[in-house]
Amino acid sequence: MNASAQKAMDKRKASEVKEVTLVEAVNMALAWEMEHDENVVVLGEDIATNGGVFRATVGLKERFGFKRVMDTPLAENLIAGTAIGMATQGLRPVAEFQFMGFIYAGMEQIVSHAARMRNRTRGRLHCPLVYRAPFGGGIHAPEHHSESTEALFAHVPGLRVVIPSSPQRAYGLLLAAIRNPDPVVFLEPKRIYRAVTQSVADNGEALPLDTCFTLREGDDITLISWGASILETLQAADKLAEQGISAEVIDVATISPLDRETLLCSVAKTGRAVIVHEACRNGGVGAEVAASIAEAAFLDLQAPIVRVTGYDTIMPYYRNEQAYLPHVEDIVEAVEQVIAL
Amino acid sequence: MKQRHEFHVDSTRYLDDHGKPFGDLPPQARDVERTLAAYRNMVLSRTFDSKTIALQRTGKCGTYPSVLGHEVVGTAIGQSMAKTDVLVPYYRDQAAHILRGVSLKEMLLYWGGDERGSAWENCREDLPIAVPIATQCCHAVGVASAFRIRGEHRAVVCCVGDGGSSKGDFLESINLAGAWHLPVVFMVINNQWAISTPRSIQCGAETIAQKAIGAGLPGHIVDGNDYFAVTEAVDQALERAHGGKGASVIEAVTYRLGDHTTADDATRYRSADELKKAWERDGVKRLQNYLHGCGHWGADQEKQLQAECRERVDKAVEEYLATEPEPPTAMFDYLFETLPAALQDQRERIANKYRARGGQGGAV
Ligand SMILES: Cc1ncc(C[n+]2csc(CCOP(=O)(O)OP(=O)(O)O)c2C)c(N)n1
């Protein structure tokens with residue numbers, strides 16, 4: 001296709017607004033970027049012919065061929081490390097881990113190499129790559145398919161950890177992640193892969209990384225969350241509004257590096273904060289958020305910061321997963337408790 | 001009906017322990033200049049090595065892994081590779097690094113604890129040394145995949161120890177290289193020891209090279225102290241890789257003549273007798289004897305070379321010792337391409353602290 005034809009097609013496409021789910025938005029973003037940057041390649045288990053177990057990569061092989069859409073052997077460590085080698089050559093690999101519960105075999109590569117390649121070569125080589133993994137519970141999956149261990153990655157210097165909470169943000173943040181010159185761990189909340197649809201303009205427009213999104217403004221309390229829990233957090237805000245409590249809802253989106261500025265400004269306004277996350281409480285990102293607020297905005301606080309989280313247990317099998325996950329009522333109760341103080 | 005599958009692994013050796021050819025040498029041996037250059041590089045690596053160990057002993061360098069015994073393999077790799085190929089090294093490849101263009105000063109900076117020692121101004125695409133054992137094998141197949149995707153006729157040489165060949169990273173990587181026909185040469189440098197673990201209890205297979213068979217790759221054993229054997233094997237494997245014929249595994253059998261690192265004491269786990277026998281097979285001396293036997297080398301040349309190498313190394317040491325450390329803000333400056341706003345105050349904090357304490361060493 002010549003340049004002007006491509007432009008015309010882009011323009012037509014840019015006006016194309018589609019009602020899509022979160023996982024379809026992931027697919028749209030991958031397709032857009034692969035079409036516009038030949039360095040973008042995708043790799044992972046079952047991603048080519050099968051389109052991935054969640055179908056995030058469906059149709060890509062047909063459009064871009066096996067050379068750029070690669071089924072790998074079943075070896076997570078290898079997937080993580082191969083992507084690093086590719087990235088050092090200027091490719092922009094997007095590697096899929098079938099489930100976050102299997103990413104640990106690749107942990108050494110991610111932590112020991114992807115995150116530090118730029119630093120240890122004084123900028124000579126770097127890793128513009130994305131590690132995608134579906135994460136979180138609530139879909140009746142077997143063991144090892146439901147955890148939210150995002151804090152493991154948030155602790156690692158040199159990594160960005162990005163978590164979308166809606167189709168629009170999945171599209172915009174994934175584009176930003178692929179275009180980012182450094183490694184990004186992109187965690188997709190699979191519980192809301194297909195929970196809602198949203199209109200997304202397929203125009204290649206990225207959203208900013210390293211910044212929180214204020215989803216709803218309010219004066220009485222700041223609700224801070226990310227990923228699938230945003231859904232319950234927004235529902236809780238609706239319920240609270242019925243009681244006359246005005247909640248500000250912030251989607252952290254990039255959990256590392258953390259945009260403390262937005263969080264602190266909000267708490268300065270509302271004087272109260274409740275943090276909601278699905279992951280275990282101990283050492284979770286919620287603890288970092290709470291500590292940041294306590295350190296820098298202690299005098300703005302009118303009540304202690306409260307966390308609504310999963311328990312410090314192994315994520316139970318699906319019969320009990322609802323008992324583990326934070327619910328709308330849990331959030332509402334926590335807010336009522338904080339407001340009463 | 002039963003069907004039998006047969007595989008073989010060749011072993012190659014051209015020179016006896018004293019440097020005398022067993023028979024005809026491979027065609028590479030006709031290139032006297034190349035052979036002389038190889039010998040010079042081996043002596044330079046050895047000189048660098050003993051000097052660096054001395055620096056460590058006097059507190060001027062960090063823990064350092066000796067290259068003693070590996071000079072032949074590293075030199076053959078460095079000579080055989082095209083400039084545009086990519087070396088994915090491990091930590092005992094000093095002889096190869098020198099030929100790839102890594103300066104002695106950079107090597108000293110690296111082991112001296114300065115990240116600029118991996119900046120490698122002259123071989124910008126070679127991968128840095130991977131400290132977690134064998135992890136680099138996965139990077140090698142990634143680099144090779146990039147060449148394949150782009151249709152570039154370039155190859156990768158990936159070095160790993162006999163201990164490293166026990167790791168999943170190695171096995172996963174040769175498996176992928178076989179499945180995707182990637183242009184990689186895996187060099188297993190079998191020096192008989194992984195710290196204190198001897199080769200015999202590292203792996204139950206008769207040879208390490210035969211692991212290649214499981215990955216659908218040719219495996220080859222060479223005497224790692226025999227310059228001609230290693231050179232021929234690496235040349236052929238690179239030719240195969242450049243020609244789109246896929247990967248190879250070469251097991252270079254050698255011996256680690258020194259301690260594992262300057263923090264190790266090998267007398268705790270291996271006998272003096274074993275070490276003495278290993279010295280009798282030393283590849284550097286062997287090549288010297290060979291060159292001597294052909295009339296290409298003599299005592300005067302040796303003396304001159306030794307003096308030249310000492311001079312080069314001493315100069316590099318001087319430069320290294322005169323290099324100011326980077327300012328501590330450097331730890332932020334290469335973390336991401338642009339520093340996220342969230343980290344800017346941390347960078348300022350360290351800059352202020354450093355300034356307040358009268359820190360020197362470049363702009364913060
Ligand atoms: C994953 C990992 N485990 C352990 C170590 C510590 N360690 C450093 S070198 C080494 C032995 C490696 O032996 P080998 O691969 O044979 O290489 P050699 O040192 O003999 O050249 C070990 C265990 C490490 N660096 N990485």
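Values computed for the structure shown
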| quantity | calculated |
| --- | --- |
| When residues of the stretch A:81-123 are limited to those that are more than 7 Å from chain B (Cβ to nearest Cβ) and among the small types (Gly, Ala, Ser), the one farthest from A:Gly138 (Cα to Cα) | A:Gly90 |
| Qualifying residue in the stretch B:345-357 (condition: away from chain A (no Cβ under 14 Å), outside any loop (DSSP other than H, G, I, E, B) and of a type in the set (Phe, Trp, Tyr)) | yes |
| Residue satisfying all of: in the stretch B:256-272; surrounded by 14 or more Cβ atoms within 10 Å (Cβ to Cβ) and small (Gly, Ala, Ser); farthest from B:Pro65 (Cα to Cα) among these | B:Ala266 |
| Residue under evaluation B:Ala54, criteria (1) away from the ligand (no atom under 16 Å from the Cβ); (2) touching a helix residue (DSSP H, G or I) at 6+ places or on another chain (Cβ under 8 Å); (3) part of a helix (DSSP H, G or I); (4) small (Gly, Ala, Ser), criterion not met | (2) |
| All helices (runs of 4 or more DSSP H) inside the stretch B:273-342 with 3 or more residues being touching a residue at least 60 places away in the same chain (Cβ under 8 Å) and either surrounded by 13 or more Cβ atoms within 10 Å (Cβ to Cβ) or not acidic (Asp, Glu) (or both) | B:283-293, B:299-322 |
| Only listed residue being of a type in the set (Lys, Arg), surrounded by 19 or more Cβ atoms within 10 Å (Cβ to Cβ) and at pLDDT 95 or above, chosen from B:Arg46, B:Arg13, B:Arg34, B:Arg57 | B:Arg46 |
| Condition broken by B:Thr262, with the remaining ones in (1) among the polar types (S, T, N, Q); (2) under 19 Å from the mean Cα position of the chain (by Cα); (3) within 14 Å of another protein chain (Cβ to nearest Cβ) satisfied | (3) |
| Matching residues in the stretch B:76-112 - criterion: being over 12 Å from the mean Cα position of the chain (by Cα), of a type in the set (A, V, I, L, M, F, W, C) and within 16 Å of the ligand (Cβ to nearest atom) | B:Trp111 |
| Of the criteria (1) under 27 Å from B:Val185 (Cα atoms); (2) within 16 Å of the ligand (Cβ to nearest atom), which one B:Gly62 fails | (1) |
| The listed residue being assigned to a strand (DSSP E or B) and either among the charged types (D, E, K, R) or within 14 Å of chain B (Cβ to nearest Cβ) (or both), out of A:Glu205, A:Glu188 | A:Glu188 |
| The stretch B:81-95 residues that are within 14 Å of chain A (Cβ to nearest Cβ), paired with ones that are away from the ligand (no atom under 16 Å from the Cβ) and of a type in the set (Lys, Arg) (beta carbon under 8 Å, 6 or more apart) | B:Thr84/B:Arg154; B:Asp85/B:Arg154; B:Val86/B:Arg154; B:Leu87/B:Arg100 |
| Single condition A:Ile275 does not satisfy, out of (1) touching a residue at least 24 places away in the same chain (Cβ under 8 Å); (2) over 23 Å from A:Val23 (Cα atoms); (3) of a type in the set (A, V, I, L, M); (4) outside any strand (DSSP E or B) | (4) |
| Any hit, the stretch B:325-348, residues being modelled with pLDDT of 95 or more and among the small types (Gly, Ala, Ser) | no |
| Any hit, the stretch B:224-243, residues being more than 16 Å from the ligand (Cβ to nearest atom), surrounded by fewer than 24 Cβ atoms within 10 Å (Cβ to Cβ) and within 14 Å of chain A (Cβ to nearest Cβ) | no |
| Some residue of the stretch B:252-260 being under 26 Å from B:Pro26 (Cα atoms), aromatic (Phe, Trp, Tyr) and within 16 Å of the ligand (Cβ to nearest atom) | yes |
| Candidates A:Ser292, A:Ser256, A:Ser246, filtered to the one that is out of contact with any Lys or Arg (no Cβ under 6 Å at 6 or more places or on another chain), modelled with pLDDT of 95 or more, polar (S, T, N, Q) and crowded, with 16+ Cβ neighbours inside 10 Å | A:Ser256 |
| Residues that are more than 7 Å from chain A (Cβ to nearest Cβ) and in contact with a Pro (Cβ under 8 Å, 6 or more places away or on another chain), drawn from the stretch B:159-188 | B:Cys159 |
| The stretch A:124-166, residues that are in a helix (DSSP H, G or I) and within 12 Å of chain B (Cβ to nearest Cβ) | A:Ala154 |
| Subset of the stretch A:227-259 (residues that are within 14 Å of another protein chain (Cβ to nearest Cβ) and more than 15 Å from A:Val274 (Cα to Cα)) | A:Ala253, A:Thr254, A:Ile255, A:Ser256, A:Pro257, A:Leu258, A:Asp259 |
| Any hit, the stretch A:96-119, residues being of a type in the set (Phe, Trp, Tyr), under 30 Å from B:Ser118 (Cα atoms), surrounded by fewer than 22 Cβ atoms within 10 Å (Cβ to Cβ) and modelled with pLDDT of 95 or more | yes |
| Test for A:Ile245: is it assigned to a loop (DSSP other than H, G, I, E, B) and hydrophobic (A, V, I, L, M, F, W, C) | yes |
| Selection count, the stretch A:53-80, where residues are surrounded by 21 or more Cβ atoms within 10 Å (Cβ to Cβ) and within 14 Å of another protein chain (Cβ to nearest Cβ) | 9 |
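One line per residue, one yes/no per condition, for (1) within 9 Å of chain A (Cβ to nearest Cβ); (2) in contact with a Leu (Cβ under 9 Å, 6 or more places away or on another chain); (3) small (Gly, Ala, Ser); (4) crowded, with 24+ Cβ neighbours inside 10 Å:
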position: B:Leu109; (1), (2), (3), (4): no, no, no, no
position: B:Ala119; (1), (2), (3), (4): yes, yes, yes, no
position: B:Pro132; (1), (2), (3), (4): yes, no, no, no
position: B:Val141; (1), (2), (3), (4): yes, yes, no, yes
position: B:Ile149; (1), (2), (3), (4): yes, yes, no, no
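The values are calculated or read from the model by the stated rules, or taken from the named source; none is laboratory data. In this text, all values refer to a predicted model and were calculated from it rather than measured experimentally. Here the Cβ is made from the backbone with ideal geometry for all residues, glycine too, and neighbour counts use every protein chain on show.
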